[in-house]
1. Only one of 17, 27 is free of Cβ contacts under 8 Å to residues at least 24 places away in the same chain, surrounded by 15 or more Cβ atoms within 10 Å (Cβ to Cβ) and either among the acidic types (Asp, Glu) or more than 25 Å from residue 2 (Cα to Cα) (or both). Can you tell me which?
2. Tell me the residue from 60, 68, 9 that is of a type in the set (A, V, I, L, M, F, W, C) and touching a residue at least 24 places away in the same chain (Cβ under 8 Å), please.
3. Tally up the residues in the stretch 13-51 that are within 18 Å of residue 68 (Cβ to Cβ) and more than 12 Å from the chain's Cα centre (by Cα), please.
4. Could you check the stretch 1-29 and list, in sequence order, the residues that are of a type in the set (D, E, K, R) and out of contact with any helix residue (DSSP H, G or I) (no Cβ under 6 Å at 6 or more places or on another chain)?
Amino acid sequence: GARFAVSLLEALNGKEVIECAFVKSDVTEAAYFSTPLVLGKNGVEKNLGLGKLSEFEQNLVKGAIAELKSSIKKGEAFVNK
C-alpha cells in the first residue's frame with residue numbers, strides 16, 4: 001500500500017514509474033486484471049500486459065479466468081447496490 005502510494009506521488013511529479021495494479025483491462029477475457037502499468041503525470045500511461053508467458057503460465061491464467069470473472073461480477077454487484 002505505502003509503496004504504491006509513493007509511486008503514485010512520484011509519477012504525479014513527472015517520474016515514470018512501473019507498478020502492478022488490478023485495473024480495468026482488455027489483456028484477458030476478465031474485465032479487470034493485474035498487470036504492470038506505466039504510471040505518469042496523467043495516471044496510467046500504458047498497460048504493459050502479461051508479456052511472454054510459457055505454455056504452463058498461459059494455462060494457469062486460463063484456469064483462473066472463470067473464478068476471476070465470478071469475483072469481479074460479485075464486486076460490481078456489491079458496488080452497484
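FYI, it's all coordinate maths here, none of it is from the lab. This is a predicted model, so every value here is computed, not measured. Don't worry about glycine lacking a Cβ; one is built from the backbone with ideal geometry, like all the others, and counts go over all protein chains shown.
1. Working: 17 fails: either among the acidic types (Asp, Glu) or more than 25 Å from residue 2 (Cα to Cα) (or both).
It is 27.
2. Details: 60 fails: touching a residue at least 24 places away in the same chain (Cβ under 8 Å); 9 fails: touching a residue at least 24 places away in the same chain (Cβ under 8 Å).
Of the residues listed, the single one that is of a type in the set (A, V, I, L, M, F, W, C) and touching a residue at least 24 places away in the same chain (Cβ under 8 Å) is 68.
3. 1
4. Step one: filter the stretch 1-29 for residues of a type in the set (D, E, K, R), giving 3, 10, 15-16, 19, 24, 26, 29.
Within the stretch 1-29, 3, 10, 15, 16, 24, 26 meet the criteria.
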